[in-house]
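Everything on this sheet refers to the single structure shown next.
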Amino acid sequence: MRCTRSVLHIPAIFDEWMSRALALATLAAHEGDVPVGAVVVDAAGRVIGEGRNLRERTHDPTAHAEVVALRAAAAARGDWNLEGCTLVVTLEPCVMCAGAILQSRVSRVVFGAWDEKAGAAGSVHDLLRDRRLPYRAEVIGGVREDDTRVLLQEFFEARRP
């Protein structure tokens, strides 16, 4: 049940934000973590939180890029409620991250590559838009999908025989 959007209708600013998320993902890969990067942008278009996967570095199973970015944004804002903000992430959020996104009240999620194994924003699950839940987020998937997928593929190919 993928969210489909034409690339022509995606604002150019998403590309800028995704570039920053890709840079963070690349940094995660260089540090031995799965290359996922995320930024939280406020309604005025300012980046207020950044994150990259830190599970290997911190030995924290919850240190996914999205969670790290949400924590940074909440700290910067001085409030857990991130309504009106956009989360831009290189990979479709997993179930844990989707839960954190909904708890933080992020209004929009923009992501790059679809995650056919663990995605929770339209591929395997669609938690972010589930009408049974008290809060939902707008989902825009596939932004710079090729760039994000190549980064992930190269990372895993280098680690598998």
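The values are calculated or read from the model by the stated rules, or taken from the named source; none is laboratory data. All values reported here derive from a predicted model rather than from experimental measurement. FYI the Cβ positions are ideal-geometry reconstructions off the backbone, even for glycines, and counts take in every protein chain you see. When the accessible area is computed, the model is the full protein with side chains, heavy atoms only, and any ligands, DNA or RNA have been set aside. Shrake-Rupley method; radii C 1.70, N 1.55, O 1.52, S 1.80 Å.
Within the group 144, 160, 132, which residue is buried (at least 16 other Cβ atoms within 10 Å of the Cβ) and of a type in the set (D, E, K, R)?
Of the residues listed, the single one that is buried (at least 16 other Cβ atoms within 10 Å of the Cβ) and of a type in the set (D, E, K, R) is 144.
When restricted to residues that are closer than 19 Å to residue 62 by Cβ and under 11 Å from the mean Cα position of the chain (by Cα), segment 77-99 contains 9. Give segment 35-80 a look and list any residue that's surrounded by fewer than 24 Cβ atoms within 10 Å (Cβ to Cβ) and of a type in the set (S, T, N, Q), or say none. Result: 58, 62. Within segment 17-32, residues that are within 16 Å of residue 158 (Cα to Cα) and free of Cβ contacts under 8 Å to residues at least 40 places away in the same chain have Cβ atoms under 7 Å from residues that are outside any helix (DSSP H, G or I) and open to solvent by 20 Å² or more (accessible area, probe 1.4 Å) in these pairs: 27/52; 28/34; 28/52, counting only partners at least 6 apart in sequence or on another chain. Considering only residues in segment 81-106 that are polar (S, T, N, Q) and buried (at least 16 other Cβ atoms within 10 Å of the Cβ), the one that is farthest from residue 39 (Cα to Cα) turns out to be 104.
Residue-wise test of (1) among the acidic types (Asp, Glu); (2) on the phi < 0 side of the Ramachandran plot.
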position	(1), (2)
31	yes, yes
47	no, yes
50	yes, yes
54	no, yes
63	no, yes
66	yes, yes
74	no, yes
78	no, no
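Among residues of segment 139-152 that are at positive phi and modelled with pLDDT under 95, none has a Cβ under 6 angstrom from a residue that is in a helix (DSSP H, G or I) and surrounded by fewer than 22 Cβ atoms within 10 Å (Cβ to Cβ) at a sequence gap of 6+ or on a separate chain. Within the set of pairs 6 or more residues apart or between chains, which connect a residue that is under 29 Å from residue 146 (Cα atoms) and hydroxyl-bearing (Ser, Thr, Tyr) inside segment 74-93 to a residue that is open to solvent by 40 Å² or more (accessible area, probe 1.4 Å) and not in a loop (DSSP other than H, G, I, E, B) with Cβ atoms less than 6 Å apart? Sorted first by the residue in segment 74-93, then by its partner, the pairs are 86/108.
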